[in-house]
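Participant: Right, I'll just put the structure down here and ask away after.
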Amino acid sequence: MTEPPFGQVITAMVTPFASDGAIDWPGVDTLVTHLLTSGSHGLVVCGTTGESPALSHSEKVAMFRRVAGCAKGKPVIAGTGTNNTAESIELSREAVDAGVDGLLLVVPPYNKPSQAGMYSHFAAIAQSVPHTPCILYNVPSRTAQNLTADTTLRLARDVPNIVAIKEASGNLMQISEIAAGAPTAFAIYSGDDGMTLPILSIGGVGVVSVTAHLAGVETAEMVQAWFERDAARATRIHHSLLPLVQACFQPSTPSPVPLKAGLRMMGLPGGGVRPPLVQATPDEAAVMAAALTARGSAMARESAVL
């Protein structure tokens, strides 16, 4: 197995908000501690789950600095990719100065660059911070553009500090091509909680997770079981997590809306969401509540098996 550059379970952390919509800084501290003591090996800050489009530049830099200071040596990865290459370079340099350990660079949304454009974009950002490891992020459902295996492999070979990809394309053939052709040290993380186990089976090293907010211990146990060659246990845990994955990614509303409802149910910091997102409806919240109840039952069953 490729040694994961940031651990096997990285949680894409929400940005907690106070009732007035400002960042809840004490809540940030509490959530960081909770995540890093309940299964997460590292954190992504100001990614999609962190509502990065609704954060200002200065808020992002402040989040990078705050989380890096709270993480006590655990890896912190800053979401610094935008659809503006120059802006991404500026934010990446500021993130490094704020003390983060790596960068997450999403495929540029909306302006839909070609594969050549994406190659140039990612290479320019990574080369602007040559001593900081970078993770590519392919999520066509959000960006309307797929980063192909060929382009990923070119970047992995040509740019030394592009060390991994968070793959959320859902295309196992494409992910297999990356795994088969990448340099030995290049890592593939699942960017889709429901696809983590299949991606591990074709060469993945771990997951950048949303549901680990609510089930971090189980997520880490599933990944560990796979690498301990206990496929049966990994599969059981995968199946037990499916209701929670489905609750976090409901078709009627985008993530992190249901997740933040779940955090409130568990008494964890998260608060509301910023416009243009809106709070979970009663029906959406009910789906999450049922999934959290099922999670408790699944944990009891797994303990009985052990």
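Participant: Report, in debye and to the nearest 20, how large the dipole of the chain comes out about its Cα centre when Lys and Arg carry +1 and Asp and Glu carry -1 on their Cβ.
Facilitator: About 120 debye.
Participant: Under a 1.4 Å probe, what is the accessible area of the range 148-249 per residue, stated in Å²?
Facilitator: Ligands and nucleic acids excluded, the result is 37 Å² per residue.
Participant: Which of the three applies to the chain, rounded, prolate or oblate, going by the alpha-carbon gyration tensor with a ≥ b ≥ c and a/c under 1.5 meaning rounded?
Facilitator: Oblate, since a/c reaches 1.5 and b/c is not below a/b.
Participant: Let me know the charge dipole size of the range 14-104 about its Cα centre in debye, to the nearest 20, where only the beta-carbon of Lys, Arg (+1) and Asp, Glu (-1) is charged.
Facilitator: Once rounded to the nearest 20, the dipole reads 300 debye.
Participant: Let me ask something else. Mind checking the range 32-119 for chymotrypsin sites (Phe, Trp or Tyr not before Pro) that DSSP puts in a loop (not H, G, I, E or B) and that have at most 10 other Cβ atoms within 10 Å?
Facilitator: Sites meeting the loop and neighbour criteria: TYR110.
Participant: Which residue, CYS248, CYS70, CYS46, tops the fluctuation ranking in a GNM of the chain built on C-alpha contacts under 10 Å?
Facilitator: Looking only at CYS248, CYS70, CYS46, the biggest GNM fluctuation is shown by CYS70.
Participant: Please build a GNM for the chain, connecting alpha carbons under 10 Å apart, and tell me which residue among PRO256, PRO276, PRO140 fluctuates the most.
Facilitator: The residue that fluctuates most here is PRO276.
Participant: Going toward the positive end of the dipole of the chain, with +1 on Lys and Arg Cβ and -1 on Asp and Glu Cβ, which of ALA168, LEU263, ILE89 do you reach last?
Facilitator: LEU263
Participant: Additional query: Would you work out what percent of the accessible area of the chain, with all protein chains in place, is carbon or sulfur (probe 1.4 Å)?
Facilitator: Ligands and nucleic acids excluded, carbon and sulfur give 55 percent.
Participant: I would also like to ask the following. Could you tell me which of LEU155, HIS213, VAL278 has its Cα farthest along the dipole of the range 134-278 towards the positive end, charges placed at Cβ (Lys, Arg +1; Asp, Glu -1), taken about the Cα centre?
Facilitator: VAL278
Participant: Right, next: Quick check on the range 79-159: take the gyration tensor over C-alpha atoms, sort the square-rooted eigenvalues as a ≥ b ≥ c, and tell me if it's rounded (a/c under 1.5), prolate or oblate.
Facilitator: Verdict is prolate for the range 79-159.
Participant: For the chain, what is the relative contact order in percent, using Cα pairs closer than 8 Å and at least 6 residues apart in sequence?
Facilitator: Normalised by residue count, the contact order of the chain is 18 percent.
Participant: Just subtract the alpha-carbon distance of HIS131 and SER176 from 0.36 nm times their residue separation and send over the number in nm, one decimal.
Facilitator: 13.4 nm
Participant: When only Cα pairs under 8 Å and 6 or more residues apart are kept, what is the percent relative contact order across the range 82-141?
Facilitator: 46 percent
Participant: Now for a different question. Kindly state, as a whole number, the per residue volume in cubic angstrom of the convex hull around the alpha carbon atoms of the range 76-119.
Facilitator: So the per-residue hull volume is 60 Å³.
Participant: Same structure, new question: First check a/c for the range 7-95, with a ≥ b ≥ c the square roots of the eigenvalues of its C-alpha gyration tensor; if it is under 1.5, answer rounded, and if not, answer prolate when a/b is larger than b/c or oblate otherwise.
Facilitator: oblate
Participant: Which residue fluctuates the most in the chain, going by a Gaussian network model with Cα springs under 10 Å, if the choices are ALA289, ALA116, ALA95?
Facilitator: The residue that fluctuates most here is ALA116.
Participant: Hey, how many Å between the Cα centroid of the range 228-286 and the Cα centroid of the range 73-146?
Facilitator: Using only Cα atoms to place each centre, the spacing works out to 26 Å.
Participant: Just want the answer: with Cβ charges of +1 for Lys and Arg and -1 for Asp and Glu, which residue in THR33, PRO75, SER240 is farthest toward the dipole's positive end in the chain?
Facilitator: Result: SER240.
Participant: Quick one, could you list the DSSP H helices from the chain stretching 27 Å or more along their long axis (Cα atoms) with average Kyte-Doolittle hydropathy of 0.0 or above?
Facilitator: Taking the DSSP H segments of the chain (at least 27 Å long, mean hydropathy at least 0.0), we get 282-305.
The values are calculated or read from the model by the stated rules, or taken from the named source; none is laboratory data. This is a predicted model, so every value here is computed, not measured. Note that each Cβ is placed from the backbone with ideal geometry, even for glycine, and that neighbours are counted across all protein chains shown. The protein model used for the area step is the full one, side chains on, heavy atoms only, and it has no ligands, DNA or RNA in it. Shrake-Rupley method; radii C 1.70, N 1.55, O 1.52, S 1.80 Å.
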